Amino acid sequence: MRYVLFLIAILFSSQAVALNCEKQPTCEELNYSKEDDPQCADDGYILCPFDFSYKKCAQPDCSKMGFTHSNKSAWCEEIIYCPQDNTYSLCKTLQLQCEIGDVFFADRTCGKASDWSKESGKIPVGIVYYVEEGGRHGRVINLKNLWRGSDYLFHADSPYSGLSDYMPWGYQNYDLTSLKNYDGSPEILNALQTRDPDLYKGEENTKLILEAKAPDCAYQKNTKEYAQYCVPTAALAAHQFYPPEAGADNLYVGQGKWYLPSWGEWMEVYGYDNSQIVCGGPQNCTTADSANNEGTSGAVGDHKKLIETALQTLQEKGAGAEKLVRGPFWSSTEYDSFSARTFYMDSGHRSAYNKKNADNNYHAYVRASLKF
């Protein structure tokens, strides 16, 4: 019946066109075709009123368009539904299922270092060191130490080359009131054992460091003193970093996406059993664990082994990567106005360093972290 009414309406319209002496459109101009539409339901066609050999799909078939009834919530990040029947759905974007030690690529996917090759076209940018929600989300450490120039500052256009790969933390003699200090007080033991959330907020720390009001500075730019006292050198380097092969504008791993890892995040990179930590500050450390080098109790190293293996494999396959055997590394966790927390990747030591240290005898390194 609906087709009959449709034809009558078209005929009346055709007569009106004739009275106005306008050219009657062809079936092709009205987007009708003689060919079958592979996505159309069997009874979903309407016929061209001027030539019944032409037809057009008015009711697509959800199943023919690839939609299914299955529940995709456990493995699909972005689900779209069939407009004709929302009981059918399609997965537009797969959820990540990353594991610690996986390579993280510039297209926001994960994979094994052993499976990667340059010919794949995928750009490795980091190694996963922490995962949650079945690998859907987590954190990544970049592939190499960041380097500084002769001015002691990081230059994003040459992240892996320069004068050296150690730099000052910056803001020497300046206590950032927006950051929680993790000094040598006895309370730090409880914070470490209970995994105080503030210990794992590297991204938030970096943001607060960069937003802090800079101290009055009497030093000239392009000097070592300027990098030590006037700017947050390490946090700024991590924030400005981007993998050269991916580009600054990459949606997932470009400039502004990275940050300086917190003290707790470095512990995740290494692998820790926090319940086994017995030393938190100088008041309850043993003689062997001095006030500024607060021991390795709880250090397991299982994550480091996975990460080191992946980095070495990438390096052997020609990717720009280097192992984490050197230390200490700067964290975005502050100790006090003079020092910031560091982490020794070679031994798992939790420590602190003078913020201006950037010389051969006293230095710390910088790597950047990323959330996904």
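The values are calculated or read from the model by the stated rules, or taken from the named source; none is laboratory data. Fair warning: this is a prediction, and the values are worked out from it, not measured in the lab. All Cβ positions, glycine included, derive from the backbone under ideal geometry; neighbour counts span all protein chains shown.
Just wondering, is there one or more residues in segment 101-114 that are within 30 Å of ASP249 (Cβ to Cβ), among the β-branched types (Val, Ile, Thr) and at pLDDT 90 or above?
yes
Go through (1) among the hydrophobic types (A, V, I, L, M, F, W, C); (2) farther than 30 Å from GLY247 by Cβ; (3) surrounded by fewer than 15 Cβ atoms within 10 Å (Cβ to Cβ) for LEU94 and report which single condition fails.
(2)
Just to check your reading of the model, which residue among TYR242, TYR270, TYR226, TYR259 is of a type in the set (Ser, Thr, Tyr) and more than 19 Å from ILE127 (Cα to Cα)?
Testing whether each residue is of a type in the set (Ser, Thr, Tyr) and more than 19 Å from ILE127 (Cα to Cα) leaves just TYR226.
Report those strands (runs of 3 or more DSSP E) wholly inside segment 64-142 carrying at least 2 residues which are free of Cβ contacts under 8 Å to residues at least 24 places away in the same chain and among the hydrophobic types (A, V, I, L, M, F, W, C).
The qualifying strands (runs of 3 or more DSSP E) are 76-82, 85-94.
Suppose the filter is out of contact with any Phe, Trp or Tyr (no Cβ under 6 Å at 6 or more places or on another chain) and aromatic (Phe, Trp, Tyr); does TYR182 pass it?
Yes, satisfied.
Would you confirm whether or not segment 219-229 contains a residue that is over 16 Å from SER339 (Cα atoms), crowded, with 23+ Cβ neighbours inside 10 Å and at pLDDT 95 or above?
Looking for residues that are over 16 Å from SER339 (Cα atoms), crowded, with 23+ Cβ neighbours inside 10 Å and at pLDDT 95 or above, one finds none in segment 219-229, hence no.
I'd like the residue in segment 213-233 that is in contact (Cβ under 8 Å) with a residue 60 or more places away in the chain and among the aliphatic types (A, V, I, L, M) and, out of all such residues, is nearest to LEU153 (Cα to Cα).
ALA227
Would you mind listing the strands (runs of 3 or more DSSP E) fully within segment 280-372 where at least 2 residues are among the β-branched types (Val, Ile, Thr), in contact with a Pro (Cβ under 7 Å, 6 or more places away or on another chain) and at pLDDT 95 or above?
none
In the list LEU179, LEU210, which residue meets the criterion of being surrounded by fewer than 21 Cβ atoms within 10 Å (Cβ to Cβ), within 25 Å of the chain's Cα centre (by Cα) and outside any helix (DSSP H, G or I)?
Only one candidate qualifies: LEU179.
With the condition kept exactly as written, say whether any residue in segment 143-160 is surrounded by 14 or more Cβ atoms within 10 Å (Cβ to Cβ), assigned to a strand (DSSP E or B) and touching an Asp or Glu at 6+ places or on another chain (Cβ under 8 Å).
yes
Could you say which residue among SER73, SER14 is closer than 30 Å to ARG136 by Cα and modelled with pLDDT under 90?
SER73
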